[in-house]
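Below is one structure; the comments refer to it alone.
Values quoted throughout were computed directly from the atomic coordinates according to the rules given, and no laboratory measurement underlies them. Nothing here was measured: the structure is a model prediction, and the numbers come from that model. Note: ideal-geometry Cβ built from the backbone for every residue, glycine included; neighbour counts use all protein chains shown.
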Amino acid sequence: MNNKGKTVLVTGGAGFIGSHLCSKLLDLGHEVVCMDNYFTGCKDNVRHLLSSDRFELIRHDVTEPIRMEVDAIFHLACPASPVHYQRDPVQTVRTNILGTLNMLDLAKHRGVPMIHASTSEVYGDPQVHPQPEGYWGNVNPIGPRACYDEGKRCAETLASDYRRAFATDTRIVRIFNTYGPRIATEDGRVISNFIVQALRGEAITVYGDGGQTRCFQYVDDLIRGLLAVWAAPNFPGPVNLGNPVEYKIKEVAQRVLAETGSKSKIVHKPLPVDDPRQRQPDITLAKEKLDWSPRVSLEEGLRKTIAYFKHKS
Ligand code: NAD
Ligand code: UDP
């Protein structure tokens, strides 16, 4: 697909991933409309883009309908950290359902592709490991994570039904744990928590025994993957984008301590309810269809992210 000089809407554009995507789209010569309600994002994340006449920042809540002339939509608006999506769970459901409906309506009205940011959380606490796209997941529909997990699952349903009913060009991307510069200091997710704690000399908070696993993808790899999904012709997904190298959380704590040279102690806190025990993407589909695989190791990504937080403090 020839994606040159397009006008691209990025919802959640002032958030962590959205701000990197806006930067990259501008670098590639596109016009970018960044839409955000600043629930977890902030203007600071996109301040460096404000001087570009191809960049426009709009304060708008995606739960409200909107019309505009765009050629493509990257729909990222939604708090991603468990701390923040559980802060106002009903709003999280609204954002996932009403927000996705509104963006699908815009994509349908304009006849343009919508790349939807879904999540590995649709697999819940998986009983199949690693997780291929064909796995339907194991989600508690009434637990504290359900506002996000079930919200994202229903958003995938909506995207699939718009494709079937109206031939809307929807593309579902299941994003696995992603980290990098511009994650908010107070975001609450594990990599930023550990780095901030280590740099401040505060205790590193490992939840549970730290034996649960995650796989960590550096943000640049994800952005390359999102653009590959947009460029692929007739590619509805869902497709997993994540780094398949799996770590126990207690190993991540040790790595952050080693990389920062911090003397912080590790303390154990209760494991949050329904915290998945394991998670690892099967990325066979992304390799085959998008010729995509991650390039940045956890070591290199941690170094870049630590440098960002050092500079920020
Ligand atoms: P983030 O919290 O930094 O960014 C989300 C952005 O959406 C914020 O700027 C927030 O203000 C905005 N937003 C929230 N509700 C909104 C609303 N109703 N209207 C308009 N804007 C709204 O999180 P992130 O890590 O950048 O995540 C971006 C997307 O990627 C989310 O959809 C998330 O579910 C998905 N995702 C992220 C990860 C990850 O590890 N970072 C993993 C899986 C999926
Ligand atoms: N975690 C932790 N300490 C923290 C934050 C998170 O041990 O300060 C754990 C959390 O319990 C989970 C893993 O790290 O097992 C990843 O948590 P995060 O909130 O980053 O993402 P998610 O659970 O959504 O994958």
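For THR185, THR170, the sequence from fewest to most other C-beta atoms within 10 Å is THR185, THR170. When DSSP beta bridges are restricted to pairs lying wholly in the chain, around 10% turn out antiparallel. With Cα atoms defining each centre, region 1-51 and region 52-106 are spaced 13 Å apart in the structure. Electrostatic tally near ASN96: other residues with Cβ closer than 12 Å to its Cβ, Lys and Arg +1, Asp and Glu -1, net -1.
Taking the chain as a Gaussian network of alpha-carbon nodes connected by springs under 10 Å, the highest mean-square fluctuation of the residues ILE223, ILE195, ILE266 belongs to ILE266. Which of TRP230, TRP292, TRP136 moves the most in a Gaussian network model of the chain with Cα springs under 10 Å? Residue with maximal mean-square fluctuation among TRP230, TRP292, TRP136: TRP136.
Each Lys and Arg adds +1 at its Cβ and each Asp and Glu adds -1 at its Cβ; summed about the Cα centre, the chain shows a dipole of about 520 debye.
With respect to the cross-link table entries LYS108/LYS287; LYS6/LYS287; LYS43/LYS108; LYS4/LYS312; LYS6/LYS152; LYS265/LYS310, which display a Cα-Cα separation exceeding 23 Å?
LYS108/LYS287; LYS6/LYS287; LYS43/LYS108; LYS4/LYS312; LYS6/LYS152
Calculated mean residue ellipticity, 222 nm, the chain: -11000 deg cm²/dmol, from DSSP H runs (n ≥ 4) at -39500 (n - 2.57) each, averaged per residue and rounded to 500. Inter-label distance, THR157 to LYS265: 4.8 nm, where each label sits 7 Å from its Cα along the C-beta direction. Within the chain, the longest run free of exposed loop sites, counting GluC sites (Glu not before Pro) that sit outside DSSP helix and strand states (H, G, I, E, B) and have at most 13 other Cβ atoms within 10 Å, spans 187-313.
The region of the chain that goes longest without hitting one of the trypsin sites (Lys or Arg not before Pro) in a DSSP loop, each with at most 15 other Cβ atoms within 10 Å, is 88-262. Enter the Cα centre distance for the pair region 233-293 and region 158-181, rounded to the nearest angstrom. Centre-to-centre distance over Cα atoms comes out at 20 Å.
What ranking do HIS116, HIS48 get, fewest neighbouring Cβ atoms within 10 angstrom at the top?
Result, fewest neighbours first: HIS48, HIS116.
Per-residue Cβ neighbour counts within 10 Å put SER120, SER293, SER264 in the sequence SER293, SER264, SER120, beginning with the fewest.
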